[in-house]
Amino acid sequence: MSDSDMDSLEIVPLGGPDGSDEPFELPNELAILPIRQTVLFPGMVIPVTVVRQKAIRLVKKIYRNSDINQRILGAVTQAIPNKEDPTAEDLYNIGTVAQILKMITLPDGNVTIIVQGRQRFEIKSIVNEEPYLTAEVRAIEDSFVGPTKKEAKALLQSLRDGAHKIMRLNPEIPQEARIALDNIESPIFLIHFLSSNINVEVADKQKLLEERNGHKQATLLLQYMMREIEMLELKREIQTKASSDIDQQQRDYFLRQQIKVLHDELGMDSPERDLDEIRLKASQKKWTDAVKAHFDKELSKLQRINPMAPEYPVTMNYLETLVDLPWGQYTKDNFDLVRAQKILDTDHFGLEKVKERIIEYLAVLKLKGNLKAPILCLYGPPGVGKTSLGKSIAKALNREYIRMALGGVHDEAEIRGHRKTYIGAMPGKIIQNIKKAGSANPVFILDEIDKVSSDYRGDPSSALLEVLDPEQNSSFTDNYLEVEYDLSKVLFVATANSLDTIHPALRDRMEIIEMTGYTIEEKLQIAKRYLVPKQRKDHGLKATDVKVDDAALLKVIEGYTRESGVRNLEQKVGTVVRKIAKSVAMEQDYPKTIKAEQVEKYLGAEIFDKDLYQDNDFAGVVTGLAWTSVGGEILFIETSLSRGKGGLTLSGQLGDVMKESAVAALSYLKANAERLGIDYRIFNHYDLHVHVPAGAVPKDGPSAGVTMVTSMASIFTQRRVKPFIAMTGEITLRGKVLPVGGVKEKILAARRAGVKEIILCVKNRKDVEEVPANYVKDLSFHYVDQIDEVLGIALLPEKVNNPMNFVFPDEKKEKEESGFVTMTA
């Protein structure tokens, strides 16, 4: 029980609303008032603060009734207390009739009502939900019938004894409560009185209210009271023990003071020695006047703290962190650009743009001697070598290497640290890693920066804004350090798989370097130079034990992996080498050179089919080019016509953007049907079905627009598409062809599939020029600006061998049959 509950208690005998002994008559329908965090019991008087407008209107309407016997409503506790606008499903089914004794309007517009519980009821059904809840109710009669009179009497006495014991253990309960308890004679009222004031959860009080059998209700109440007595006794025991512990601490303090004197006499280690070590380290630091002044202040504070006090180790750890940080300590950069280029080329095949950017940075640093470190962000699919490239950069620069994984980081303190006033406070991961590196100019890899999340503990992305801004990070402030630390010499390199999830302000502070992935030819060289030797070494084999020829590697690349990087390729190569290692260990015969025909023996049947161009003589089939996260692919768009009413069906798991491209393509053909030689009647009497295999693979993007137009134009005009031609580009309703991305990957996919001609937007010419010449030497490119140019190039003048015979009904006859009459003058 709480003293606040006791102070607000007014004991009223059960009976009629006017205090008589006549039973209370419950109406069939009752207005319902949802209440939170409390349960009203019959006979109890409690204040209820009403804040919801709907409830305020209900209370004021009922209180205006001049007859006090009619000022009643149903008080029902919310099962979900935080629900602002509860419905019937959010309330318990059992409540108490509440009579409004008094209403007080507060200055903030809320209303407090004093209510008295009259009788329990059960909600049978909801009659109305507006303007407030109204329910059909059934009364629940109170009864207290025990198995025997003796047992019932013993149970009631146990309740009184338990209540008195609680009052003795809890000094906060006023003396008036004991008097009130002794004056209660009714068993039912005693149970309701104790149930209302016992210190248990709201859900437990509701269980007491819902128990219809008075004897069972009293038994459950006694269980709760025994539990509260145990808690109060345990609390008193803890308080007594804590008091004795304080006395013991004072005794220990005097003993430790004596031990300290003995240590000084014997020359043993003491806190003073630790302070001398910190002073010696501090004298060797190259820090600013502001940092030195702050350190001296904290050191002076530490000297005034008793070594036995809890604050002493906290301050000591803080000072140790300050002196262990590399203030102005830098490793000397290696400016041998030829060596740096060699290291980058040895560790990574391809990635020419990234290597060129690193060499540019080194060159400027060598000439100027000082350069604010740029914030590089390596953006690309998984497995292309973003993280490992950071190691090569550190090796080339002869700097320390730090990697911090940001995936799943959702606490701002991970970046900025905790304030040292908190228990267990520590610096952020940035300062911790700088301290571990022992250098103030390391290469710092912020891995998976696109996977930083945020929650109620802060937004780490926003905390990184200061870290990754070259104009601000020279004065980075960690919450734990409380002084500025210079991060401007740190070379930050971030990695990301996607730019969409990176905070826009954070992305603006970084220099994005895209790593689009490797071609098949590049993967072959990577496998030969790096993956096979690495896997041989990891599995304890020598170069003479096994070799893998180029044809076998190509089969693994094309048949068992489909990715932009080489992570899965390394796993497959590892599987093959592991099988060989098993044969070597078991002294079994095995082929020294793995050839293409032996790959299936080790890896099983091929997982992926190579997309090849499929020549055909059908109208409506066009080859398109697509870009996916695992590289470029070709796709086929098929269109068919059937008798109908001009409907459009799209299939093949198309995304919203691709569906919009199909609708735009059809609209363009309808608007330009006469000029393109299309009979306008087809659109009203034939249904169009566009399908993009494979149906189980989701597809989306705007680059299929020109392919959609060409496919539809082919089926409408019955003209075949030129063989060995593929296309990509976005379209507009005005007939413009817009540029698209992923051109390099799409060109390589077309080349692998045997395509000979490619149609692109004229603005994509610059992208083709960046592709190495040996990848495009067998291809012919058509650069277009209008859809008409696409159709002129892609569609052959003659029709297919078996063109459709379009049949159109007599329009005049259709109008007459439908009752449409044309009047002429």
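Computed from the coordinates by the stated procedures, all read-outs in this text should not be read as laboratory data. Since we're looking at a predicted model, the values are computed, not measured. Positions of Cβ are backbone-derived with ideal geometry, glycine not excepted, and every protein chain shown enters the neighbour counts.
Using Cα atoms only, what is the angle between the long axis of helix 567-585 and the major principal axis of the chain, expressed in degrees (0 to 90) to the nearest 10?
In the chain, helix 567-585 runs at an angle near 80 degrees to the longest axis.
Give the total of Lys-Lys pairs in the range 149-230 with Cα-Cα distances below 24 Å; include a pair only if its members are 8 or more places apart or on different chains.
Lysine pair count for the range 149-230: 12.
What's the ranking of 407-417, 57-67, 713-723 by average number of surrounding C-beta atoms within 10 Å, highest first?
713-723, 407-417, 57-67
Once the other residues with Cβ under 10 Å from the Cβ of ILE402 are scored (Lys, Arg +1; Asp, Glu -1), what is the net sum?
Spelling it out: positives minus negatives among the neighbours equals +3.
Enumerate lysine pairs in the range 467-591 that are 8 or more residues apart or on different chains, then count those whose Cα atoms are under 12 Å apart.
4
Once you keep just the Cα pairs under 8 angstrom separated by 6 or more residues, what percentage relative contact order results for the range 149-230?
Values: 41 pairs, mean separation 35.9, N = 82.
Worked out over the range 149-230, it gives 44 percent.
Compute the length gained on full extension between ILE305 and ARG339: take 0.36 nm times their separation in residues and subtract their Cα-Cα distance, giving the result in nm to one decimal.
Gain in length upon complete extension: 6.8 nm.
Using label points projected 7 Å from each Cα along Cα→Cβ, tell me how many nm separate ARG562 and LYS153, to one decimal.
8.6 nm
All other residues with a Cβ under 13 Å from the Cβ of ASP447 taken together, and with Lys, Arg as +1 and Asp, Glu as -1, what is their net charge? It would help to have the intermediate numbers written out before the result.
Working: positive: LYS386, LYS391, ARG403, LYS429, LYS451; negative: GLU448, ASP450.
Within the 13 Å Cβ shell, the charges total +3.
Please list the three semi-axes, largest first and in whole Å, of the ellipsoid equivalent to the range 717-792, using sqrt of 5 times the eigenvalues of its alpha carbon gyration tensor.
After diagonalising the Cα gyration tensor, the semi-axes are 21, 16, 9 Å.
Distance between Cα centroids, the range 120-147 to the range 373-392: provide it in whole Å.
Using only Cα atoms to place each centre, the spacing works out to 68 Å.
Given Cα pairs under 8 Å that are at least 6 residues apart, what percent is the relative contact order of the chain?
Computed over the chain, the figure is 7 percent.
Once you order the gyration tensor axes a ≥ b ≥ c over the Cα atoms, which shape class does the range 271-324 get: rounded for a/c under 1.5, otherwise prolate or oblate by comparing a/b with b/c?
It is prolate, given that a/c is not under 1.5 and a/b is the larger ratio.
Straight-line reach from LYS301: which lysines fall under 30 Å, measuring Cα to Cα and dropping same-chain residues less than 8 apart?
Candidates past the 8-residue exclusion: LYS260, LYS281, LYS285, LYS286, LYS292, LYS420, LYS429, LYS435, LYS436.
From the Cα gyration tensor of the range 149-230, with a ≥ b ≥ c the square roots of its eigenvalues, which class applies: rounded if a/c is under 1.5, or else prolate if a/b is larger than b/c, or else oblate?
oblate
Can you give me the C-alpha center-to-center distance between the range 700-739 and the range 33-54, rounded to a whole angstrom?
69 Å
Quick one: if you stick a label point 7 Å off each Cα along the C-beta vector at PHE724 and THR240, how many nm between them?
10.0 nm
Mind checking the angle between helix 149-169 and the chain's longest principal axis? C-alpha axes, 0 to 90 degrees, to the nearest 10.
With rounding to tens, the tilt is 80 degrees.
I need the peptides 391-399, 642-650, 617-625, 506-514 ranked by packing, meaning the mean over residues of other C-beta atoms within 10 angstrom, with the highest value on top.
Per-residue Cβ counts within 10 Å, averaged per peptide and sorted highest first, yield 617-625, 391-399, 506-514, 642-650.
Over the range 520-603, what is the relative contact order in whole percent, taking alpha-carbon pairs under 8 Å and six or more residues apart?
40 percent
Quick one: compute a quarter of the convex hull surface over the Cα atoms of the range 369-467 and quote it in nm².
Directional mean of the projected Cα hull area for the range 369-467 stands at 7.7 nm².
Using only Cα atoms, what Kirkwood radius does the range 621-799 have, in angstroms? Please report the intermediate quantities before stating the final value.
On the way: mean 1/r = 0.0616 Å⁻¹.
Taking every pair of different Cα atoms in the range 621-799, averaging 1/r and inverting gives 16.2 Å.
Between helix 743-753 and the chain, what is the angle of the helix's C-alpha long axis to the longest principal axis, kept within 0 to 90° and rounded to the nearest 10?
60 degrees
Work out, in µm²/s and without decimals, the Stokes-Einstein translational diffusion coefficient of the chain at 20 °C, 1.002 mPa s, Rh from Kirkwood over C-alpha pairs.
59 µm²/s
Cut-off under 12 Å on the C-alpha distance; same-chain residues fewer than 8 positions from LYS777 excluded. Which aspartates and glutamates are left, in chain and number order?
Excluding near neighbours in sequence, the set is GLU757, GLU769.
In a shell of Cβ-Cβ distance under 12 Å around LYS534, excluding LYS534 itself, what net charge do Lys and Arg (+1) and Asp and Glu (-1) give?
It works out to a net charge of +1.
Go through 725-738, 40-53 and give me the packing order, highest mean Cβ count within 10 Å leading.
My ranking of the peptides, most packed first, is 725-738, 40-53.
Mind listing the Cα extents of the range 520-603 along all three principal axes, in Å, largest one first?
Computed over the range 520-603, the largest-to-smallest principal extents equal 37, 24, 17 Å.
Quickly work out the SER453-to-ARG178 label distance, labels modelled 7 Å from Cα along the C-beta direction, and quote it in nm with one decimal.
5.6 nm
For the range 110-151, what log10 I(q)/I(0) values come out of the Debye formula at q = 0.20, 0.21, 0.33 1/Å, with one point per alpha carbon and no solvent?
Normalising to I(0) and taking log10 leaves -0.86, -0.89, -1.03.
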